[in-house]
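Provided herewith is a single structure, encoded as structure tokens, for subsequent inquiry.
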Amino acid sequence: MDLLHELLTGAPARIDAIVDLESLSALESELLGKKSLIASTRRGLGQLPPDERPKVGAQVHEAQRRLEDLLAARRELLERMAEDRLLAGDRVDVTLEGYEPSVGRHHLLTQTVDEVVDIFAGLGYRVASGPEVELAWYNFDALNTPPTHPARLESDTLYVEYGEEPDEMLLRTHTSPMQARYMEQHEPPVYVVVPGRTFRADALDATHSPVFYQIEGLAVDEHITFGDLKGTLAHFAREFFGPDRTIRLLPNFFPFTEPSAEMHVSCFACDGSGCRVCSGSGWIELMGCGMVDPNVLEAVGYDPQHISGFAFGMGAERIAMVRHGINHIRHFYENDVRVLRQFT
């Protein structure tokens, strides 16, 4: 009983000195576990005289209750302290300025293609697309390009080996094959614009790339004239570069148009007076165009005696470089965020 009294006397100080729940559980096992003084005293009650057992049993029970109360009180305090520390660590200062995540934007080329397509869609043109791996028939023959034309050489065109005649398939060199493909499948009138990737065996320099985007336009109907072509392209120039732009058409040659022309737009940077953008001429070369050659109409089953049309083609990189003052085509493909962020 003296040991029990000594245990109760020293227990409060020992319990109050505990600073974490793990240590408290260890002390509880020591004070009340199977090997504790309380447990061994209770097991020894049977060896006492019968008249002493109730008194000693009551003292052991009271000692156990006091120890349990002390341990429970300390555990409650330690749990509350642990919860307070957890809450302090997870506290959010709602007065701090919020974090705004960066949001992606369309690539400049995608923006350019979409804007051009929207301009012609507003005129009633439909949007079409075709295969990037093309037959030589659609890429050349149906477009009035003879077998001896330099564009058909491997130095200019990327051919795909397929079967016994490797020259019959190629990576399309322009989006113009869709002229023949679309007219084969649709009766006139035809008003269509075709954006897409094209491929040529060009070395990379400031204005050329082996892969680039082109936007093709085709209008075929009764009584289509060269004046319709000029009016359509003048409308495009005003919509894309500004309402004060004017255009001029200079003679040129393309196998699939006759007559053919090269379209220039008045410089938007200097208003035609001459600057670095237009190389001092006041005009910027923009695209090729012309009236659809009758041979192209006949190749798809149209009657050139009753149907006429015009076509044009522009490089998306070209018009984006002109409009935004970009000096090298590689900036479109290097994905340098310092460049791309300027056009978000």
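The values are calculated or read from the model by the stated rules, or taken from the named source; none is laboratory data. Treat the numbers as computed from the prediction; the structure is a model and nothing was measured. Cβ: placed from backbone, ideal geometry, glycine included. Neighbour counts: every protein chain shown.
Which residues, counting only those in region 136-164, are over 37 Å from the mean Cα position of the chain (by Cα) and either more than 25 Å from Asn295 (Cα to Cα) or outside the structural domain of Ala299 (by TED's automatic domain parsing) (or both)?
Gly163, Glu164
While we're here: Just the residues that are outside any loop (DSSP other than H, G, I, E, B), in contact with a strand residue (DSSP E or B) (Cβ under 9 Å, 6 or more places away or on another chain) and over 18 Å from Ala219 (Cβ atoms), please, taken from region 122-140.
Residues satisfying the conditions are Val133, Glu134, Leu135, Ala136, Asn139.
Among the residues of region 280-299, is there at least one that is in contact (Cβ under 8 Å) with a residue 12 or more places away in the chain, over 33 Å from the mean Cα position of the chain (by Cα), within 30 Å of Ala142 (Cβ to Cβ) and assigned to a loop (DSSP other than H, G, I, E, B)?
So far as region 280-299 goes, yes, one or more of its residues are in contact (Cβ under 8 Å) with a residue 12 or more places away in the chain, over 33 Å from the mean Cα position of the chain (by Cα), within 30 Å of Ala142 (Cβ to Cβ) and assigned to a loop (DSSP other than H, G, I, E, B).
Can you pull out the residues in region 300-313 that are assigned to a loop (DSSP other than H, G, I, E, B) and surrounded by 14 or more Cβ atoms within 10 Å (Cβ to Cβ)?
Val300, Tyr302, Pro304, Ile307 - these are the residues of region 300-313 that are assigned to a loop (DSSP other than H, G, I, E, B) and surrounded by 14 or more Cβ atoms within 10 Å (Cβ to Cβ).
Go over the candidates Leu87, Leu67, Leu108, Leu27 one by one and state the one that is in contact (Cβ under 8 Å) with a residue 40 or more places away in the chain and within 52 Å of the chain's Cα centre (by Cα).
Just one listed residue meets the conditions, Leu108.
Still on this structure, I have one more. Check whether at least one residue in region 76-87 is within 30 Å of Glu317 (Cβ to Cβ), touching a Leu at 6+ places or on another chain (Cβ under 8 Å) and of a type outside the set (Asp, Glu), and report yes or no.
no
Among the residues of region 265-273, is there at least one that is in the same structural domain as Val192 (by TED's automatic domain parsing) and either modelled with pLDDT of 90 or more or assigned to a strand (DSSP E or B) (or both)?
Scanning region 265-273 turns up at least one residue that is in the same structural domain as Val192 (by TED's automatic domain parsing) and either modelled with pLDDT of 90 or more or assigned to a strand (DSSP E or B) (or both).
Out of Arg172, Arg197, I need the residue that is under 26 Å from the mean Cα position of the chain (by Cα), under 25 Å from Phe120 (Cβ atoms) and surrounded by fewer than 15 Cβ atoms within 10 Å (Cβ to Cβ). Which one?
Arg197
Somewhere in region 247-260, is a residue in contact with a His (Cβ under 6 Å, 6 or more places away or on another chain) and modelled with pLDDT of 90 or more?
Yes, region 247-260 has at least one match.
Name the single residue, out of those in region 107-135 being aliphatic (A, V, I, L, M) and more than 22 Å from Met291 (Cα to Cα), that is surrounded by the fewest Cβ atoms within 10 Å (Cβ to Cβ).
Val133
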